[in-house]
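These notes are about the structure you will find just below.
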Amino acid sequence: MMKQHPFYITLGVLLLLSVAAVEWTGWTPEKPTEVKDVPRTVRDNPGSYRPHYIYYGSSYRRGK
Amino acid sequence: MTAPAGTCPNCGAEIVFRWSGAVQTTCPACRSILVRHDLNLEKVGVAADVPEAMSAIQLGTEGSFKKKAFTVVGRIIYKYELGHWNEWHIRFTDDTSGWLSDAQAEYAVTRASTQQIRAVPGVGEDVVIEKKIFKAMSVTKAAYAGVEGELPFEYWDKSEVSFTDLRGDGDTFATIDESESPPLVFVGEYEDFTELRLKNLREDVPTGAAPQTRSLSCASCGAAIILRTGEAAKTVACAACGAVMDASDAGLKILLQHQARLQHNVPQIALGRTGQLKGKRWTVIGYQVRGITVDGTDYEWREYLLWNPEAGFRYLTEYDGHWNDVNVVKGLPKEITSGARPAAEYLGTRFEHFQRAQVTTKFVLGEFPWEVRVGDKVWNDDYVAPPLMLSRESTPSEITWSLGTYVTPQLIQEAFKLETPLPRPVGVFANQPNPATATSGLGKLFVVFACLLMGMCAVRQATARNETAFSGGYRFNPATGDTAAFVTKVFDLKGHPSNAEVEIFTDLSNDNAFFSVALLPEGTGKGYELGREVSYYFGYEDGESWTEGGNGDRAVIADVPPGRYYLRIEPEHAGTTPVSYTVSVKRDVPRVWPFLAGLVPLMLPALFGFISKSSFEGRRWAESDYAPSGDDDDDDDDNDSE
């Protein structure tokens, strides 16, 4: 049976490895906005930080 | 071994017995039949001329059976309805004797059994001989046609004798000979010609080289007829006019003047054509069209009789482009039931019953070593285990089992080097191999992989950190007009880089709010921003309650390195009522969906294979006695080559 279906076996092993990697890293299709070089002043003055997501009353969208 | 000798009382020729147990012999000089009384020989008659036979075996032929050497010392020739056969009396090196049956290139070696039979079984009945079960397969009325050489008993004045042939497991074979009372029982086995390793054969009878042929003229139209099996031919049908004649009759007595539809029944492999199959050279000597009628519909197929002087006969059958290579089975298939259906077992393979029908011979061409008549009817049961098909043909006096193997038209085309391509198979045949069989085993592999995935999922659920790194409760009052942004205390995200789940839960009721949340590192590094709108509405309308959204939300951030983080939260709310909410961060949260998602691509090939296989089997069995009601044969236009 194993020798009969080498492609399926390969597919199965790759899928197992992929699932393990996805679950280990916590991968998700949902992508938050990554921000780099966050200023240390945010903790002192949270209002000075301009977020990427802005609310427009009835809906929100990415800002800037 | 002893070699008693004497002189012929008729002509004085020296008589040497090759076997000490011989009772009767024939004088090689004057053909007197001599019966031995101690050392005296008595002439009891004169042997009739021995009929010409195509057997290459003769007195003095040597061979071996089960590694025991033997010499042919005598012979009885029987004539029966379908021709004649030889019973060669053989002497083994241990001075015991047996019989080598030689009928239409089918060979069996038997020895006399001491067991007595109380009642001779009828065709299809079982009998136990030497603790083995045998089934009576045929009853043959045969007439003595001549003797030669040494025999273990007096046998020169017999008339018609009844023989019952029986078959047991494997190649075992038995015969009940009713020439004596009580009947004589012989038990043995079928054996291939090559396995007998025969030496000192007749040189004038071919044993594998070019077949011996006879040229004749059709008694009806005068066209040339070639008998390729020589004396073995019993029936011959003229290819020019279709007249069926008795090939054993010197004048070719006409059995049937002409056959209808001659012009429509042109063999796809011409009579006389030779081809290489299973390592042997076969000659097409006969062709017949047979058919059944099911639910008022006629189905016809074509059968080609092939002949090889050593190996005997085999068939090629063709129906709608589907070919089978068929051999008569020497052993005895076991008839069983599988659920409510009949089934059969043979050589370790289980065959499912497919169809039972009365088969009628519609048309014949060429020669046959038995009498073939247009209009002959037999009951046929087909059992299938693709690519094999076991067929049981029965008449009141005979049961014959044959085993067919599905072969491609290409194989027939190449074997017989046919110039015209054979038609492609149409529809699905009873024992056609399922092309989706290549996917068999995928289901089991899928189960294996699914179990592995579920095992991994269980391990992950049990070992994931899944800890709450932060949780805090807040209240936002939009009426104050101040900026709502604030930061939380710093918390640790531990372990390997993995996910962080941010969950917001509010007390919103028929309201909505927006939360801009940023997971930021305490020091330098990468941060993550999320915008989540929480909206929860419900009501009662037209007699039904409804809800929309929910008063919580969560978001997962992947691959977050371990470290110290804090949240910057900025709630927004269009209304004026305060909103209470909690925000929590969980680290390394296990999930189920990646494992379920992994199952899908694994399942697809197995599912596709299962559907393809089931569809093919459905079409196969739609042609059987077990077709689901409502199935009709509407797939005849489909092409399904193997």
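The values are calculated or read from the model by the stated rules, or taken from the named source; none is laboratory data. All figures in this text were calculated on a predicted structure; none of them were measured in a lab. Reconstructed Cβ throughout: ideal geometry from the backbone, glycine too, with neighbour counts over all protein chains shown.
Scanning region B:450-459 for residues that are over 13 Å from B:L596 (Cβ atoms) and either among the small types (G, A, S) or within 8 Å of chain A (Cβ to nearest Cβ) (or both) yields B:L452, B:G455, B:A458. For beta carbons closer than 6 Å, sequence separation of 6+ or different chains, a first residue in region B:493-519 that is part of a loop (DSSP other than H, G, I, E, B) and a second that is surrounded by fewer than 20 Cβ atoms within 10 Å (Cβ to Cβ) and hydroxyl-bearing (S, T, Y), the qualifying pairs are B:D507/B:S580; B:L508/B:Y536; B:N510/B:Y537.
When the criteria are applied in full, B:L100 meets the requirement of being modelled with pLDDT of 80 or more and within 30 Å of B:T235 (Cα to Cα). If you scan region A:5-25, which residues turn out to be under 17 Å from B:A438 (Cα atoms) and in a helix (DSSP H, G or I)? Correct list: A:P6, A:F7, A:Y8, A:I9, A:T10, A:L11.
Per the conditions (1) assigned to a loop (DSSP other than H, G, I, E, B); (2) within 26 Å of B:A56 (Cα to Cα); (3) at pLDDT 75 or above, the sole criterion not satisfied by B:G242 is (2). Which numbered condition in (1) over 30 Å from A:R43 (Cα atoms); (2) surrounded by 14 or more Cβ atoms within 10 Å (Cβ to Cβ); (3) of a type in the set (A, V, I, L, M) is the only one that B:L493 fails? Here B:L493 clears every test but (1). State yes or no: is B:V490 touching a Lys or Arg at 6+ places or on another chain (Cβ under 6 Å) and under 16 Å from B:V583 (Cα atoms)? Criteria met by B:V490. Being closer than 20 Å to B:D507 by Cα, of a type outside the set (D, E, K, R) and assigned to a loop (DSSP other than H, G, I, E, B) is a condition met by at least one residue of region B:540-559.
Taken together, B:V372, B:V364 contain a single residue that is over 15 Å from the mean Cα position of the chain (by Cα), in a strand (DSSP E or B) and buried (at least 20 other Cβ atoms within 10 Å of the Cβ), which is B:V364. Restricted to region A:34-51, and to residues that are within 7 Å of chain B (Cβ to nearest Cβ) and either in contact with a helix residue (DSSP H, G or I) (Cβ under 8 Å, 6 or more places away or on another chain) or buried (at least 16 other Cβ atoms within 10 Å of the Cβ) (or both), which residue is nearest to B:A500 (Cα to Cα)? In this case the residue turns out to be A:V35. Taking the conditions (1) surrounded by fewer than 15 Cβ atoms within 10 Å (Cβ to Cβ); (2) closer than 21 Å to B:I33 by Cα in turn, B:N86 satisfies each one other than (1).
Looking at B:D171, B:D126, just one residue is surrounded by fewer than 18 Cβ atoms within 10 Å (Cβ to Cβ), among the acidic types (D, E) and under 25 Å from B:K66 (Cα atoms), and that residue is B:D171. Within region B:529-543, the residues that satisfy the criterion of being touching a strand residue (DSSP E or B) at 6+ places or on another chain (Cβ under 9 Å) and more than 8 Å from chain A (Cβ to nearest Cβ) are B:R532, B:V534, B:S535, B:Y536, B:Y537, B:F538, B:G539, B:Y540.
Taken over region B:289-315, residues that are within 21 Å of B:A103 (Cα to Cα) and either modelled with pLDDT of 90 or more or crowded, with 19+ Cβ neighbours inside 10 Å (or both) amount to 11.
Once region A:8-33 is narrowed to residues that are crowded, with 17+ Cβ neighbours inside 10 Å, more than 24 Å from B:A500 (Cβ to Cβ) and not hydrophobic (A, V, I, L, M, F, W, C), the residue that is farthest from the other protein chains (Cβ to nearest Cβ) is A:Y8. Restricting the search to region B:440-449, which residues are more than 7 Å from chain A (Cβ to nearest Cβ), touching a residue at least 24 places away in the same chain (Cβ under 8 Å) and in a helix (DSSP H, G or I)? Hits for region B:440-449 are B:G443, B:F446. In this structure, is A:H5 surrounded by 12 or more Cβ atoms within 10 Å (Cβ to Cβ) and modelled with pLDDT under 75? Against the criterion (surrounded by 12 or more Cβ atoms within 10 Å (Cβ to Cβ) and modelled with pLDDT under 75), A:H5 does not qualify. Taking region B:452-476 as the range and being assigned to a strand (DSSP E or B) and without any contact (Cβ under 8 Å) to a residue 40 or more places away in the chain as the test, no residue passes. Candidates in region B:581-604 are the residues that are crowded, with 19+ Cβ neighbours inside 10 Å, within 9 Å of chain A (Cβ to nearest Cβ) and not hydrophobic (A, V, I, L, M, F, W, C); of these, the one that is farthest from A:G26 (Cα to Cα) is B:G598. Put simply, of B:T488, B:T480 the only residue that is without any contact (Cβ under 8 Å) to a residue 40 or more places away in the chain and either touching a strand residue (DSSP E or B) at 6+ places or on another chain (Cβ under 7 Å) or over 20 Å from A:P32 (Cα atoms) (or both) is B:T480. Yes or no: region B:168-178 includes at least one residue that is out of contact with any Cys (no Cβ under 7 Å at 6 or more places or on another chain), in a loop (DSSP other than H, G, I, E, B) and among the aromatic types (F, W, Y). No, the conditions are met nowhere in region B:168-178.
Checked against (1) at the interface with another protein chain (Cβ under 7 Å from one of its Cβ atoms); (2) farther than 22 Å from B:A485 by Cβ, B:K526 meets all criteria but (2). Of all residues in region B:475-513, those satisfying the criterion of being at the interface with another protein chain (Cβ under 10 Å from one of its Cβ atoms) and over 30 Å from B:A464 (Cα atoms) are B:D482, B:T483, B:A484, B:A485, B:F486, B:N512, B:A513. Contact annotation: residue pairs with Cβ atoms under 6 Å, 6 or more positions apart or on different chains, pairing a residue in region B:310-338 that is over 24 Å from B:V428 (Cα atoms) with a partner that is among the β-branched types (V, I, T), are B:E310/B:T207. Under the condition of being touching a Phe, Trp or Tyr at 6+ places or on another chain (Cβ under 6 Å) and without any contact (Cβ under 8 Å) to a residue 40 or more places away in the chain, the residues counted in region B:86-106 number 4.
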